[in-house]
Amino acid sequence: MLYQITGRQIDIGAALQTHVKSVVDVITKKYAGRPTDAVIVFSRSSSEYVCEVSVHLSTGLTAQAKAHNHEIYLAFDTASAKMEKQLRRYKRRLKDHHQNRRQPVELSSASSYILASEGESNASEPETLQPLIVAEVEDKIQCLSVGEAVMQMELAGIPALVFRNEGHNGVNVVYRRDDGNIGWVDPA
């Protein structure tokens, strides 16, 4: 498995890197089967350390977790415990997903745009109805079943996921509703 352990404006020592590799190895061997790579990023937020852990699995799914703490090791341990809980919760479904899928998850490219919020404009009335684009990012859209998309959304801890439905190859969206349930948009 490939590891990318980095620190944003902080120095990551060899002891911390060894600790991170050993903990992630134990978790992935126990729950995930065949992970491809892991990205662990440490940073500072005022007086706290922030640890973001992302493990990409051979099934195309990604497990992510993020934690804050005043100690860098505790921030990582908390994030890894969150990721382990996610993988434990979905262990059976991850194995079923891997056995049912004969080929890797198909990816297609898409552009993702970040638009300026209304509060950033200086005028009280906008001159045009065209939003101001702040950034453009290249994204990948996965071809998944609805169940796999819900699982991916929950593993990543994101509020919504755009995917191509492998049943009819159309673009679909799953999202977490305010009442805690999952919504699914399937345009005709």
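FYI, it's all coordinate maths here, none of it is from the lab. The shown structure was predicted, so the numbers you read here are calculated from the model rather than taken from an experiment. Cβ coordinates were reconstructed from backbone atoms using ideal geometry, including for glycine residues, and neighbour counts include every protein chain displayed.
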**region 176-182 - phi-based ³J(HN,Hα) in whole Hz, Karplus 6.51/-1.76/1.60, Gly and Pro as x** = 8, 7, 4, 7, x, 7, 9
**Percent RCO, i.e. relative contact order, over the chain, from Cα pairs under 8 Å lying at least 6 residues apart** = 14 percent
**Request:** Please give the calculated 222 nm ellipticity per residue for the chain, where each DSSP H segment of at least 4 residues contributes -39500 (n - 2.57) and the sum is spread over every residue; nearest 500 deg cm²/dmol?
**Result:** -10000 deg cm²/dmol
**Item:** Relative contact order for region 2-98, counting Cα pairs under 8 Å that sit 6 or more residues apart, in percent
**Value:** 24 percent
**Request:** Note down the magnitude of the dipole of the chain about its Cα centre, charges +1 on Lys and Arg C-beta and -1 on Asp and Glu C-beta and zero elsewhere, to the nearest 20 debye.
**Result:** 1320 debye
**Message:** If you take every residue apart from Ile5 with its C-beta less than 14 Å away from the C-beta of Ile5, what net charge results, scoring Lys and Arg +1 and Asp and Glu -1?
**Reply:** -2
